[in-house]
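Okay, so here's the structure we're looking at.
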Amino acid sequence: MSFATAAFNINDLPFEILCDLFDYLSLEDVKTASLVCHRWHQIIFSELYIKRFKLVLSLNEMLPQLKQTLPILEKSDREYYSIILKANLGRPLTDARLKILKLAVRSISQYSESLYFNMADLRLESCVSERLLRSRKLQMFDTRAKYIPLGMGLKESMLAAICEYSTDLVDLVIAEMNINNPKALEKLSSLSQLKLLLISDYYPYIKPPMPPINLPNLENLSLINVTDDANFYFKADNLKRFFIHTNGTDAAKTMQSIAENIRNVNRLCVHFTARTILADQIFEHLDRFPNLIAFELGGVAVPADALKQLNPSNRVHKLIFVECHLETLFMTDLKEKLVCLRQIVLDSCFLFHKSEGFQRIQYHDLEPLRRAMPSCQVLLDYD
């Protein structure tokens, strides 16, 4: 053996050759290979290489071309992390287009317990490895779908295909839904193992289904950019966390609809778009959540007497304000109304000053409250 041969190391190969070698591995083996060394991890999770696991399909092709595409995809054993369907939403959903759609869903969902489904550009992604669901920033969802025709047939069929071929799904994100017919969601009840569900841009316009969509194992439900009564459509008895960001203006209606179907929740996060809503309109309903430990409130005005109707029997340990305008940090009866409180978090909030109006809360603003409540942590921006 020559010295040159003995000194050779696989990492001496250029980037492009290593990528070609990794292509011979299954998706599961590629993930294992990413753990071998720092360089392999960098290559496999680089933007250039990860694109090799993306499949782009066009549903706008003529029927003969679609029929030629189907058998090729059906025989392929390639695993994809992302599938993008290009489609004219205004065109009719033919059998050939529907077969391609179902095949795309089946191709990715059989390898994953988590799916990210974007209705705006019809993108379906696996949410494993570097695309973890829980690392996504919910507020980053844009609203392109508002300017795209509904294409109800295509969207309902794709969601139905997900429910048909991914019955063991654990996590599901439906982004930019832009849909107002709750019947499109009824098939979600077949996902009996679902633990996390996030839906954005959902505007139901008809009465809730009777009974509501039952998700018995759901632990985490998030509804982003929805109407006041969007949560009337779900029943989740074992829910641990519920998050809603509503563009409605009826806080009482929102809290009532949550309490009717999701009253056993441990962590409740309620964010509003309308600045006219006052925090006391929400706090007066917290007694209806007997197991509530953490409460997060966003986008509202917080008067000094916001807790006036809150019952001291509540068990809230953690209180979070997000982008709220507080009249004072010393809310009336704070110690008496929140006897179990152990932590207050102020995230991007503003405090009223007589001479300057509302100003972003600074660390020095917290000191008087910290001294007054030594048994309670007072944190700024999740510090």
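Just so it is clear, none of the values below were taken in a lab; they were calculated from the coordinates. Quantities reported herein were computed from a predicted structural model and do not represent experimental measurements. Please note: Cβ atoms are built from the backbone with ideal geometry, for glycine as well, and neighbour counts cover all protein chains shown.
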A correct Stokes-Einstein calculation for segment 303-342, using the alpha-carbon Kirkwood radius, 25 °C and 0.890 mPa s, returns a whole-number D in µm² s⁻¹ of 229
Can you list the aspartates and glutamates whose alpha carbon sits under 19 Å from that of Lys337, skipping same-chain ones fewer than 8 residues off? Asp280, Glu284, Asp287, Glu296, Asp305, Glu327
What per residue convex hull volume, in Å³, comes out for segment 314-383 when only alpha-carbon positions are used? 86
At q = 0.24, 0.25 Å⁻¹, work out log10 I(q)/I(0) for segment 278-359 with the Debye formula, treating every Cα as an identical point scatterer and leaving solvent out; two decimals please. -1.24, -1.34
Under 14 Å between alpha carbons, and skipping anything fewer than 8 positions from Lys183 in its own chain: which aspartates and glutamates qualify? Glu156
How would you rank 272-279, 240-247, highest first, on the average number of other Cβ atoms within 10 Å across their residues? 240-247, 272-279
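Taking only C-alpha pairs under 8 Å that are 6+ residues apart, what is the relative contact order of segment 249-383 in percent?
Result for segment 249-383 is 18 percent.
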Within straight cross-link reach of Lys31, meaning Cα distance under 22 Å, which lysines are found once same-chain residues fewer than 8 apart are removed? Lys51, Lys54
Size-normalised alpha-carbon gyration radius of segment 259-309, reference 2.2 N^0.38 Å: 1.13
